Amino acid sequence: MPLKVTIAGVVALGLGCSGMGAASAVPRSVEPNLVTTLRCDVPDPWPGPPMRTYVDVFNQVAYPSDGLPGPVIDLIATNPRLQGGTQGFLEYTSQTTVTWRNLTNGRTGRVVVPTRARANTWEVNIHPGPGRVAFTIHQKVGAMAFVPMVNPQSSSCSGVATA
């Protein structure tokens, strides 16, 4: 009997019966805003050409991956290149450090994210408070060859976004 009551209650909510208020837990749009895409290449620690690395910069992120409240600037790096036909066999370790300064309120910070993957991919969340934020990305990428960070290579790039 309780099962029938529960199903009837769910059906009543779905039909919008009188006396029942409408509830919505999901906002209309949860898509973050793509501010820009930076090019932040890094030399490949394995033999080969530099790894072309794109960093997408997002703001207005409703649900940051770190679970902390906003405002947040989310940086997501991708490396689309196949590694000389060996994609899936070679691995990388990286340490990405992002230093930032909120030009509006003067706050500063630093976020360090270690990563192990088959391409130069990583994600960093910055929590600078509201305002215009300048940031610098420092990448250190090494080959994973029995031990992490073999033949480390480095690069840096910078950007600006509003949180």
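Structure notes:
- Condition met for residue 142 (in contact (Cβ under 8 Å) with a residue 40 or more places away in the chain, part of a strand (DSSP E or B) and either of a type in the set (Ser, Thr, Tyr) or under 10 Å from residue 94 (Cα atoms) (or both)): yes
- Residue in the stretch 66-79 that is in contact with a strand residue (DSSP E or B) (Cβ under 8 Å, 6 or more places away or on another chain), among the charged types (D, E, K, R) and within 16 Å of residue 40 (Cα to Cα) present: yes
- Taking the numbered list (1) more than 22 Å from residue 42 (Cα to Cα); (2) surrounded by fewer than 18 Cβ atoms within 10 Å (Cβ to Cβ); (3) among the small types (Gly, Ala, Ser) in turn, residue 163 passes all entries but (2).
- Selection within the stretch 107-137: residues that are hydrophobic (A, V, I, L, M, F, W, C) and touching a residue at least 40 places away in the same chain (Cβ under 8 Å). The member of this set that is surrounded by the fewest Cβ atoms within 10 Å (Cβ to Cβ) is 119.
- Check on residue 144, on the phi > 0 side of the Ramachandran plot and crowded, with 17+ Cβ neighbours inside 10 Å: no
- When each of 142, 159 is tested for being of a type in the set (Gly, Ala, Ser) and over 18 Å from residue 71 (Cβ atoms), the lone residue that passes is 142.
- Residue match in the stretch 107-115 (condition: hydrophobic (A, V, I, L, M, F, W, C) and assigned to a loop (DSSP other than H, G, I, E, B)): no
- Any hit, the stretch 142-153, residues being of a type in the set (S, T, N, Q) and within 15 Å of the chain's Cα centre (by Cα): no
- For residue 115, the criteria (1) modelled with pLDDT under 95; (2) over 20 Å from residue 162 (Cβ atoms); (3) more than 13 Å from the chain's Cα centre (by Cα) hold in every case but one, which is (3).
- Subset tally (residues that are exposed (fewer than 15 other Cβ atoms within 10 Å of the Cβ) and in contact with a strand residue (DSSP E or B) (Cβ under 9 Å, 6 or more places away or on another chain)) for the stretch 92-106: 2
The values are calculated or read from the model by the stated rules, or taken from the named source; none is laboratory data. Small disclaimer: the values here were computed from a predicted structure and weren't measured. Note: ideal-geometry Cβ built from the backbone for every residue, glycine included; neighbour counts use all protein chains shown.
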